[in-house]
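Chemist: Can you keep this structure in mind? I'll have questions shortly.
The values are calculated or read from the model by the stated rules, or taken from the named source; none is laboratory data. From a predicted model like this one, the values you see are computed outputs, not experimental measurements. Note: ideal-geometry Cβ built from the backbone for every residue, glycine included; neighbour counts use all protein chains shown. Side chains included, ligands, DNA and RNA excluded: accessible areas come from the protein's heavy atoms. Shrake-Rupley method; radii C 1.70, N 1.55, O 1.52, S 1.80 Å.
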Amino acid sequence: MQILSIERVSLQYPQGIEALKEVSFELKKGELFTLVGPNGSGKTTLLKLIYMELFPTRGTVRVKGFSSSKIKSRDIPYLRRRLGIVPQATELLEERDVFENVALAMRAVGGKGIRRRVWEVLSQTGLSSRARSSPHQLSGGEAKRVAIARALVNQPFLLLADEPTGGIDQERAEGILFLLKRINRQGTAILLVTQDERVGQSLAGGILRIAQGRLI
Amino acid sequence: MAFDRLYGIKEVLFSFRRYPARFLVSLLTISLSLLLLGAFLCLTFNLKLTLRNLRAKVEIKAFLKDGITQSQMEELAGRVRLIQGVKDAILITKEEALLDLQREFGKEFIDDLGANPLPPSLRVRLREGWRKGEIVQGIAARIDSLDGVEDVEYGGKWLERLDRFVFHLLLLDLILGVIIGLSSFMSVSNVVSRTFLARRKEVEIMRLVGATRRFIQRPFLYEGLFQGFLGGVIGAVLLYLFFLLLSPQLPSEAILSPKVLGLQVGLGLAFGGLGGRFSFGR
């Protein structure tokens, strides 16, 4: 079952810079894909098109029942509730502990059974013992796990992860990749973007390569 | 919706607990700003009261012809009372006029006069809103045209000067009001906006996880309303205390109306709410 379809998508910024050119691909339920490309190749832009922070100048992005050519701005939050987004900058709230950082994602959408679900996802991501820690007490790898836990807590069908292993050491990066593989095995589709070719190989899913806004 | 509201209130309390210094500085800025606005409103209120009292003294004196009978005078007074804008017309006979003069200048002065030279008259008081120069002039002209009236007097020049003075004073008051009102609004709105900027990261996260615009906005709106309301209350209390402190030096007619204090709190609430809403819009 197809959950994401990107059909001949191009994005040109008003200054005339073409960030993406004729990009097409599909993702089915439970699939795992890694999008590999150098800095500035359009990886993050493509993720932003999927969660409809940006819109294509040509082509269409379809995510389950939502289409970039038809969606109304008031419906975008409802699309994002069904996606899990791990942004490149981890963006944790310093004044809230790990539990609250994760719970915030559920509170924001009026989720039920917050306590139970947050503990569940903290345990899934190996953060149970850090629930009451402040973000500044966490290592880089743990902070990335919190961002993943926050993205998972609303049980998305697709997880979009932007450089989840960026800026952390090899051992911790492997831990993150292992966690993502486990999440994928439990049924969540994943699209991960990275500059590191080895990440794609390690995840053992499909690999897409992007350069200068084109899939190659 | 109820969940949204509860979450909004919880977030406001969280923000105050977490950043007490920021909260107090914001509150102080809003309170001082609203104190200034309240002081201006109090001044305006008293100014208008003084002007109203001054205008209440505006009246027309109609001197009647000598030899007019009592019944003619009463009939004339009745006709004057029917003129639109006239509140009352009091008949002053020759004798009463002489007694008034005696009260003012003494019996010796009256004795020196010999015969009573004073004509009977009508003291015409006008309704509120009918005490402006041109209107008074019109009413005076109508009274003057009535049979039995010798002459009318209404302090035309004085009234013209009063009208001009009131016009300029109210214009100045309006300009000052707009400036102080706007600066108060901008100051309150700016304080509320800073709260929003400090929590920009949180807003970004909320957007990413699928919170609706209304949900994200609510805590900022509540915080703005709460700070504006509390700032208004503190500003009103400060204004009251200053008024008590300064009242020995103020004219005895000066008052601090509860309306001014209420307006101060109301404007605080409105400015805070609008500040919260605009900061989010930006």
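Chemist: When the gyration tensor of the range A:1-89 is built from Cα positions, what are the square roots of 5 times its three eigenvalues, in whole Å, from largest to smallest? Don't skip to the end; give the middle numbers.
Modeler: Working: eigenvalues 74, 52, 36 Å².
Equivalent-ellipsoid dimensions as semi-axes: 19, 16, 13 Å.
Chemist: Follow-up. Output the antiparallel fraction of DSSP beta bridges having both residues in the protein assembly as shown, as a percent to the nearest 5. Display every interim value, and only then the final one.
Modeler: Values: 31 of 49 bridges.
Restricted to the protein assembly as shown, the bridges split so that about 65 percent are antiparallel.
Chemist: Suppose R0 equals 35 Å; then what is the FRET efficiency for B:Ile110 and B:Ala254 from their Cβ-Cβ distance, rounded to the nearest 0.05?
Modeler: Efficiency, from the Cβ-Cβ distance: 0.30.
Chemist: Right, here's the next one. Helix B:2-18 versus the longest principal axis of chain B: what angle, 0 to 90°, nearest 10, using Cα atoms?
Modeler: With rounding to tens, the tilt is 90 degrees.
Chemist: Determine the equivalent ellipsoid of the range B:1-155 by diagonalising the alpha-carbon gyration tensor, then write out the semi-axes as square roots of 5 times the eigenvalues, largest first, rounded to whole Å. It would help to have the intermediate numbers written out before the result.
Modeler: Working: eigenvalues 776, 83, 27 Å².
The answer is 62, 20, 12 Å, longest axis first.
Chemist: Could you tell me which of B:Leu49, B:Trp158, B:Leu36 has its Cα farthest along the dipole of the range B:33-186 towards the positive end, charges placed at Cβ (Lys, Arg +1; Asp, Glu -1), taken about the Cα centre?
Modeler: Positive-end residue among those listed: B:Leu36.
Chemist: Based on DSSP H runs of at least 4 residues, each adding -39500 (n - 2.57), what is the mean residue ellipticity at 222 nm of chain B after dividing by all its residues, to the nearest 500 deg cm²/dmol?
Modeler: Taking each H run of at least 4 residues, the total per residue is -25500 deg cm²/dmol.
Chemist: Compute a Gaussian network model of chain A, connecting alpha carbons closer than 10 Å, and tell me which residue from A:Ala103, A:Ala151, A:Ala161 fluctuates the most.
Modeler: A:Ala103
Chemist: Compute the label zone of B:Trp158 within the range B:26-69: residues whose backbone N is under 15 Å from the point 7 Å along Cα-to-Cβ.
Modeler: B:53-62, by backbone N distance to the label point.
Chemist: Please get the size of the charge dipole for the range B:48-174, origin at its Cα centre, with Cβ charges of +1 on Lys and Arg and -1 on Asp and Glu, quoted in debye to the nearest 20.
Modeler: Computed charge dipole of the range B:48-174: roughly 820 debye.
Chemist: A further question follows. With point charges of +1 on the Cβ of Lys and Arg and -1 on the Cβ of Asp and Glu, referenced to the Cα centre of the protein assembly as shown, which listed residue (B:Val209, B:Ser121, B:Ser26) lies farthest in the positive direction of the dipole?
Modeler: Farthest towards the positive end: B:Val209.
Chemist: With the crude spin-label approximation of a point 7 Å out along Cα→Cβ, what separation in nm comes out for A:Asp75 versus B:Phe165?
Modeler: 6.9
Chemist: What residues qualify as long-range amide H neighbours of A:Thr57, i.e. H under 5 Å apart, gap of 5 or more or another chain, H built at 1.01 Å from N?
Modeler: Amide H neighbours of A:Thr57: A:Ser10, A:Leu11, A:Gln12.
Chemist: Starting from 0.36 nm per residue, how many nanometres of slack lie between A:Lys64 and A:Glu95 once their C-alpha separation is accounted for?
Modeler: Values: separation 31, 0.36 × 31 = 11.16 nm, distance 3.53 nm.
Extra length from A:Lys64 to A:Glu95 when fully extended: 7.6 nm.
Chemist: Does anyone have the angle between helix B:94-105 and the longest principal axis of chain B? Alpha-carbon axes, 0 to 90°, nearest 10?
Modeler: Here the helix axis deviates by roughly 70 degrees.
Chemist: Let me ask something additional. Under 19 Å from a point placed 7 Å out from the Cα of B:Phe14 along the Cα-to-Cβ direction: which residues of the range A:118-137 have their backbone N that close?
Modeler: Only A:118-122, A:130-137 fall inside the zone, counting backbone N under 19 Å.
Chemist: Could you tell me whether the range B:43-105 comes out rounded, prolate or oblate from its Cα gyration tensor? Rule is a ≥ b ≥ c as square roots of the eigenvalues, rounded for a/c under 1.5, then prolate if a/b exceeds b/c, otherwise oblate.
Modeler: oblate
Chemist: Shape of the range A:68-216 from its Cα gyration tensor (a ≥ b ≥ c, root eigenvalues): rounded if a/c is under 1.5, otherwise prolate when a/b > b/c, or oblate?
Modeler: oblate
Chemist: Can you tell me the orientation of helix B:200-209 relative to chain B, as the angle in degrees between its alpha-carbon axis and the longest Cα principal axis, to the nearest 10?
Modeler: Roughly 60 degrees, rounded to the nearest 10.
Chemist: Right, next: Under 1.5 on a/c is rounded, so check that first for the protein assembly as shown, then, if it is not, pick prolate when a/b is larger than b/c and oblate when it is not; a ≥ b ≥ c are the square roots of the alpha carbon gyration tensor eigenvalues.
Modeler: prolate
Chemist: Along the Cα-to-Cβ line of A:Gln186, 7 Å from the Cα, sits a label point; which residues in the range A:78-115 have backbone N less than 14 Å from it?
Modeler: Residues passing the 14 Å test: A:84.
Chemist: For the range A:80-140, which trypsin sites (Lys or Arg not before Pro) are both in a DSSP coil and crowded by at most 11 other Cβ atoms within 10 Å? Don't skip to the answer; put the middle values down first.
Modeler: Working: sites: A:Arg80, A:Arg81, A:Arg82, A:Arg96, A:Arg107, A:Lys112, A:Arg115, A:Arg116, A:Arg117, A:Arg130, A:Arg132; in loops: A:Arg81, A:Arg82, A:Arg96, A:Lys112, A:Arg132.
Here the sparse-neighbourhood loop sites are A:Lys112, A:Arg132.
Chemist: Next question, about the same structure. Place +1 on the Cβ of every Lys and Arg and -1 on the Cβ of every Asp and Glu in the protein assembly as shown, take the dipole about the Cα centre, and give the residue among B:Pro248, B:Ala77, A:Phe157 whose Cα lies farthest towards its positive end.
Modeler: A:Phe157
Chemist: Taking the range B:104-133, which GluC sites (Glu not before Pro) meet the DSSP loop condition and have no more than 13 other C-beta atoms within 10 Å?
Modeler: Of the GluC sites (Glu not before Pro), the ones in loops of the range B:104-133 whose Cβ has at most 13 other Cβ atoms within 10 Å are B:Glu128.
Chemist: Which value, in Å² rounded to 10, gives the accessible area of A:Val36 with a 1.4 Å probe and all protein chains present?
Modeler: Per-residue accessible area (A:Val36): approximately 10 Å².
Chemist: If you average 1/r over every pair of different alpha-carbon atoms in chain B and take one over that average, what Kirkwood value in Å do you get?
Modeler: 23.8
Chemist: Further, regarding this structure: Need the C-alpha centroid separation for the range A:60-87 versus the range B:171-186, integer Å.
Modeler: Centre-to-centre distance over Cα atoms comes out at 46 Å.
Chemist: State the Kirkwood hydrodynamic radius of the range B:186-282 in Å, one decimal place, computed from all pairs of distinct Cα atoms. Intermediate results must be reported in sequence, preceding the final value.
Modeler: Working: mean 1/r = 0.0671 Å⁻¹.
The Cα-based Kirkwood calculation yields 14.9 Å.
Chemist: About its Cα centre, how strong a charge dipole does the range A:15-160 have in debye, to the nearest 20, once Lys and Arg get +1 and Asp and Glu get -1 at the Cβ?
Modeler: Computed charge dipole of the range A:15-160: roughly 640 debye.
Chemist: Connecting C-alpha atoms closer than 10 Å in a GNM of chain B, tell me which of B:Thr50, B:Thr212, B:Thr195 has the biggest fluctuation.
Modeler: Residue with maximal mean-square fluctuation among B:Thr50, B:Thr212, B:Thr195: B:Thr212.
Chemist: Taking the Cα centre as origin and putting +1 on Lys and Arg beta-carbons and -1 on Asp and Glu beta-carbons, what dipole magnitude results for chain B, to the nearest 20 debye?
Modeler: So the dipole magnitude of chain B works out to roughly 2720 debye.
Chemist: Right, something else. When only the heavy atoms of the protein chains count and the probe is 1.4 Å, how do B:Met186, B:Met206 rank by accessible area, highest first?
Modeler: B:Met186, B:Met206
Chemist: Tell me the mean residue ellipticity at 222 nm calculated for chain A from its helices only (DSSP H runs of n ≥ 4, each -39500 (n - 2.57), averaged over every residue, nearest 500). Show your work: numbers first, answer last.
Modeler: Numbers: 7 runs with 70 residues, N = 216.
Rounded to the nearest 500, it is -9500 deg cm²/dmol.
Chemist: Rounded to the nearest 0.05, what FRET efficiency is calculated for B:Glu96 and B:Asp173 with R0 set to 35 Å and r the Cβ-Cβ distance?
Modeler: That pair, B:Glu96 with B:Asp173, gives E of 0.25.
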